[in-house]
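The values are calculated or read from the model by the stated rules, or taken from the named source; none is laboratory data. Fair warning: this is a prediction, and the values are worked out from it, not measured in the lab. Backbone-built Cβ (ideal geometry, glycine too); neighbour counts: all protein chains shown.
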């Protein structure tokens, strides 16, 4: 790990953060709020170093942590498992505390952790788990660290604010798990770029190394090194790992070269992490101040003309918001037809299956027409609810086509907006727009409540006492059986409508997120273009102060 020549204390970071906050308040730099919030949170927390294990789903993250701590704590499976951020640290006694998004907490035995962190037991994070904290006496050797297991990246779905990509700013050291049997993907490279803004400690972990021979392992490592050099112009440490062949050897190297060094230098590494994140924030702030300085220097020119040049029709807020609205509406209109098309194939099998069950059960029902009808309705409600729930649970991911399309389209619109704005500022003022973190969060829709319809449009059972069942029972049994296909069609239609409502609500949430990003950015730029007159010397002084502070962080 890198050693510093000058000790930068959290107190100094806190003072510099206050300076940046003051600058942001003066010039309405609302786009930097997220970075500021992260640093405020870190300064208020314990000096534990979060060692995050990140990567695509099914890259072996949970298995790696279980192997590393020599205890099968985290659930693993043949399908993507982890749904919530899980943190493991030293504690005097074994305990698990589950934090929920509503602020409540739940303590649970370690053996029940899968109820909160696995996709099978907590699908779509229905329990609204924010984070799961596990304390283990066996982690005493790493008392200054906290191992963090994250949901897999690479899916459009991120469970609330605790999802992996939203948690990236919290990273202290990052172990990027990549399965050794697949190439380094564009998504992996993009994640490394993103991590570079948040931590100086990035390590590649090639899991499932037992799938390759020794020569193949060397070949994969060379390929990764060459790709990193070509695409990112940098080198990163690469470690092999397997929970099978050679596990003890791989584990010993990681413990010695990574975990123990981080533990021994906890205070230094924490200051280094704070310093690194502070540098990123200061640089972003300086980028915005350069824009402010250029506009201030042009105070005698046509300020409205300058504004028109930068905020031209290509970045017009009304047009952009209208585009986001069109994306939302068009995809919402397609949601129901897409779901219905997928559900149509279940109509005949469900009707056939329910008819067979009804023929078997109805002969055992006793009583008059009123009792027979009530029994039928209760039976049908239970059976149809079960059938719809099974279909919903097994098939719901096939309903997310418009959600996927919306996410891609919203992201594309944000990137286009940002690109035009960057080009205009560079062309007009000759400065570079600061980098921002724009991630549209997608909360996977919760499954709707399933309920069935009633059997009769006209309740003949109200005159049950006039109908001799010994004569007409067979007629009513046939009526019930003939009604099953309609029940199947109606309930499949209702299932489609319920999912449509849930999915379209998430699409609208994404539209609001995208609109919020754009409004924040335009608010920041507008403030810089209209509020900097006669402030040239003030801006120059602030730039000089921040540059001096940034130099101090680098020393």
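Tell me, yes or no, whether region 360-367 has at least one residue that is in a helix (DSSP H, G or I), out of contact with any strand residue (DSSP E or B) (no Cβ under 6 Å at 6 or more places or on another chain), outside the structural domain of residue 196 (by TED's automatic domain parsing) and at pLDDT below 85. Looking through region 360-367, at least one residue is in a helix (DSSP H, G or I), out of contact with any strand residue (DSSP E or B) (no Cβ under 6 Å at 6 or more places or on another chain), outside the structural domain of residue 196 (by TED's automatic domain parsing) and at pLDDT below 85.
Is it true that residue 341 is part of a helix (DSSP H, G or I), assigned by TED's automatic domain parsing to the domain that holds residue 511 and either in contact with a strand residue (DSSP E or B) (Cβ under 9 Å, 6 or more places away or on another chain) or exposed (fewer than 13 other Cβ atoms within 10 Å of the Cβ) (or both)? Yes.
The helices (runs of 4 or more DSSP H) falling completely within region 460-555 that include 1 or more residues that are more than 39 Å from the chain's Cα centre (by Cα), modelled with pLDDT of 85 or more and surrounded by 18 or more Cβ atoms within 10 Å (Cβ to Cβ) map to 484-530. Here residue 417 clears all of (1) more than 22 Å from the chain's Cα centre (by Cα); (2) modelled with pLDDT under 85; (3) closer than 30 Å to residue 322 by Cα except the condition numbered (2).
Counting just the residues of region 34-48 that are over 19 Å from the mean Cα position of the chain (by Cα) and at pLDDT below 85, which one comes out nearest to residue 196 (Cα to Cα)? Break it down into steps so the answer makes sense when it comes.
Taking region 34-48 and keeping what is over 19 Å from the mean Cα position of the chain (by Cα), we get 36, 39-48.
From what is left, the residues that are at pLDDT below 85 are 41-48.
Details: 41: 20, 42: 18, 43: 20, 44: 23, 45: 22, 46: 23, 47: 21, 48: 20 Å.
For region 34-48, the residue satisfying everything is 42.
Kindly check whether there is at least one residue in region 338-352 that is over 40 Å from the mean Cα position of the chain (by Cα) and under 25 Å from residue 476 (Cα atoms). Yes, region 338-352 has at least one match.
Within region 170-190, restricting attention to residues that are part of a helix (DSSP H, G or I) and surrounded by fewer than 20 Cβ atoms within 10 Å (Cβ to Cβ), the residue that is modelled with the lowest pLDDT is 170. Assessment of region 3-24 against the conditions (modelled with pLDDT of 80 or more and assigned to a loop (DSSP other than H, G, I, E, B)) yields no matching residue. Residue count for region 212-230 satisfying the condition of being part of a loop (DSSP other than H, G, I, E, B) and either crowded, with 17+ Cβ neighbours inside 10 Å or not assigned by TED's automatic domain parsing to the domain that holds residue 202 (or both): 1. Does region 265-286 contain any residue that is surrounded by fewer than 20 Cβ atoms within 10 Å (Cβ to Cβ) and within 23 Å of residue 65 (Cα to Cα)? Scanning region 265-286 turns up at least one residue that is surrounded by fewer than 20 Cβ atoms within 10 Å (Cβ to Cβ) and within 23 Å of residue 65 (Cα to Cα).
Name every residue in region 231-259 that is assigned to a helix (DSSP H, G or I) and either surrounded by 15 or more Cβ atoms within 10 Å (Cβ to Cβ) or under 29 Å from the mean Cα position of the chain (by Cα) (or both), in order of residue number.
Across region 231-259, the qualifying residues are 231, 232, 247, 250, 251, 254, 255, 258, 259.
The residue that is farthest from residue 482 (Cα to Cα), counting only those in region 345-359 that are part of a helix (DSSP H, G or I) and free of Cβ contacts under 8 Å to residues at least 60 places away in the same chain, is 349.
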